[in-house]
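Here is the structure we will look at.
The values are calculated or read from the model by the stated rules, or taken from the named source; none is laboratory data. Computed from a predicted structure; not experimentally measured. Neighbour counts run over all protein chains shown; Cβ positions are idealised from the backbone, glycine included.
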Amino acid sequence: MSERYPSEEQYYQDHSQPEYVTYDDDTRPADRTRLMTVILAVAVLACSCLSCLIGAGLGILFWETGGTGQAAAKPTTPGWQDVISAFNAAGLECVDPQPITQDEYADIFVAQEVVEFLIPSQCDACFGRILVFESSRDPNLTKAKRYLGESPWVFGRDKFLVTISNDTPETEALKYRTALARMKG
């Protein structure tokens, strides 16, 4: 050998590889680190998604309540009562408005509601009807307009159709048309 290493044994001791640690459960520290990294990433992702969901839920609650903490009132669609109110506000006569059934008006179309009111100051037989349909696109409304269009005093707006009896003077009947057109809602 050489002077530096008096024996072969001394040479191998100086140049030997470091000893490797063996694990009985075959789990290495690097595997544990990767596992902990994945668990941490999933936890962070879950927390951020949960906070987004909670934030979105609170945002929706704030939007629906208008920031007051109380549920906002749902907008209501006008009904026949609103038409009667518009006629009364215009100073028009609507005496004793009463809902009537399909049997009581034998027209070929079907309205959701029909209300009849009297106009006694004009004549004993003067009356009006308010027909309420599902919407302004209801096919029954189209049929009703076509069928009732032959009558002189038929006025429509949105989902409403108002008929005024033929015995009512023209000037008075046209006031109902104007009031219907000016109705709010």
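List the strands (runs of 3 or more DSSP E) that sit entirely inside the stretch 117-185 and contain at least 1 residues that are touching a Gly at 6+ places or on another chain (Cβ under 9 Å) and β-branched (Val, Ile, Thr). Steps first, answer last, please.
Values: elements: 127-132, 154-157, 160-164.
Per the criteria, 127-132, 160-164.
Could you say which residue among VAL132, VAL114 is touching a helix residue (DSSP H, G or I) at 6+ places or on another chain (Cβ under 7 Å) and surrounded by 15 or more Cβ atoms within 10 Å (Cβ to Cβ)? It would help to see each step written out before you state the result.
Numbers: VAL114 fails: touching a helix residue (DSSP H, G or I) at 6+ places or on another chain (Cβ under 7 Å).
Of the residues listed, the single one that is touching a helix residue (DSSP H, G or I) at 6+ places or on another chain (Cβ under 7 Å) and surrounded by 15 or more Cβ atoms within 10 Å (Cβ to Cβ) is VAL132.
I'd like the residue in the stretch 84-131 that is aromatic (Phe, Trp, Tyr) and under 32 Å from the mean Cα position of the chain (by Cα) and, out of all such residues, is modelled with the highest pLDDT.
PHE87
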